[in-house]
Amino acid sequence: MKKFTSVSDVKNLQEIIKKALQIKENPHSETEKGKGKTIGLVFLNSSLRTRLSSQIAAQNLGLNVLTLNAAQEAWNLEFADGAVMNGDTVEHIKDAIEVLNQYCDIIAVRCFAGMKSKEDDVNESILSQFEQHAKVPVVSLESATRHPLQSLADCITIIENWKKDHKPKVVLTWAPHIKPIAQAVGNSFAEWMQEMDVDFVIANPEGYDLDKSFTKDTKVIHNQDEALKDADFIYVKNWSSFDEYAAMPEVKENWMLTREKLENTNAAKVMHCLPVRRNVELSDEVMDGENSIIYQQAKNRIFSAQTVFSEILDEINSK
Ligand code: CP
């Protein structure tokens, strides 16, 4: 694997999931693979799971880990090409990436959507600069439009929890939130589910349809009860409007996932990438109930990251 920023960087998804499950069985089987090599984990935004699971994954492979919480610890970055830097910004992102090239064998970066310019976000204005200027493999730790390490962990979790011989029905359902949230997790989950052998539908209120370039032919239902019927997996996630970019059109119905809503399902397992707003996105009863596989999903972030780093190290070590 040369880089990892979307599902298109994975040659064979079934093989990658199989490898991740083997790594989960024996996470210390490749402790020499990253010896003498360094991964830089650059966070332009907050994180709990991604930061810690990536660190564990890298350490399990023997990699040296440099973590930079850039928003708090680094110089104030300039992102605009040709900027006259006589204001608040101190270091251009191009120069920062060139320096990271000197220190790192892999650069992993978290760069959320700014939620101000749809064009900038759709075009991945920050991730694209890493892809352009990095001379080493780039891994996305969540970008403006995708969260591929999360999606791989989600796929691993679904496979672990599905032992029946028919296709599971997987529903990605929108949930309420108090502020505008990017579409990255929803977009990414949709892309990865299209590569899985599942019956996938998306449920969201009118005005909240995701970007069609991610949902493609996936069925989108604007009635949550109808969508949840006979579901085997329910993925709960908020996102703001894509069409009316970053807006939060009014929703009259209650879309919070409750225990009552699970009654109409096939004893559905409940997923969420975390962090979650309890009793806003889903109820305490659901979060703490027996249908929740949310902490297992969080644990699988380690094996998702470790599999990706391992595949990238194979490519580096083959040169
Ligand atoms: N799910 C996820 O990416 O969590 P963090 O934002 O805490 O990394």
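Entry for the range 176-319 at q = 0.21 Å⁻¹: log10 I(q)/I(0) = -1.48, Debye formula applied to identical alpha-carbon scatterers, no solvent contribution. Here, the chain is characterised by an Rg to Rh ratio of 0.97, where Rg is the alpha-carbon radius of gyration and Rh the Kirkwood radius. For the range 53-76 versus the range 1-27, the inter-centroid distance based on Cα atoms is 21 Å.
Taking the 1.4 Å solvent-accessible surface of the range 10-125 as the whole, the part contributed by carbon and sulfur is 48%. The modelled label-to-label distance between residue 195 and residue 278, using points 7 Å beyond Cα along the C-beta direction, is 3.4 nm.
When a 1.4 Å probe is rolled over the protein heavy atoms, the share of accessible surface on the range 148-297 that falls to carbon and sulfur comes to 46 percent.
Between residue 266 and residue 226, what is 0.36 nm times their sequence separation minus the Cα-Cα distance? Round to one decimal in nm.
Value of the extension gain: 13.1 nm.
Obtain the nm distance between the two label points defined at residue 81 and residue 285 by a simple spin-label model: each point lies 7 Å from its Cα along the Cα-to-C-beta direction. Label at residue 81, label at residue 285, 5.5 nm between them. Taking 20 Å as the limit for the C-alpha separation, the pairs 35/319; 237/269; 169/252; 229/261 exceed it in the case of 169/252.
Enumerate the residues in the range 16-45 having an amide nitrogen under 19 Å from the point lying 7 Å beyond the Cα of residue 102 toward its Cβ. Only 37-42 pass the distance filter. The percentage of C-alpha pairs in the range 76-148 whose separation is greater than 21 Å is 26%. The residues of the chain expose, per residue, 46 Å² of accessible area to a 1.4 Å probe.
Cβ neighbours within 10 Å, averaged per peptide: list 179-187, 215-223, 201-209, 147-155 in order, most packed at the top.
Packing order, densest peptide first, comes out as 147-155, 179-187, 201-209, 215-223.
Derived scalar couplings between HN and Hα for the range 171-182 equal 10, 8, 10, 4, 9, x, 8, 9, 8, x, 10, 5 Hz in order, rounded to whole Hz, by the Karplus curve 6.51 cos²θ - 1.76 cosθ + 1.60 (θ = phi - 60°), x for Gly and Pro. Computing FRET efficiency as 1/(1 + (r/R0)^6) for residue 165 and residue 211, where r is the C-beta to C-beta distance and R0 is 35 Å, gives about 0.55.
The values are calculated or read from the model by the stated rules, or taken from the named source; none is laboratory data. Model, not experiment: these values are computed from the prediction. Positions of Cβ are generated from backbone atoms using ideal geometry, with glycine treated the same way; all protein chains shown enter the neighbour counts. In case anyone asks, the SASA skips ligands and DNA or RNA and just uses the protein heavy atoms, side chains included. Shrake-Rupley method; radii C 1.70, N 1.55, O 1.52, S 1.80 Å.
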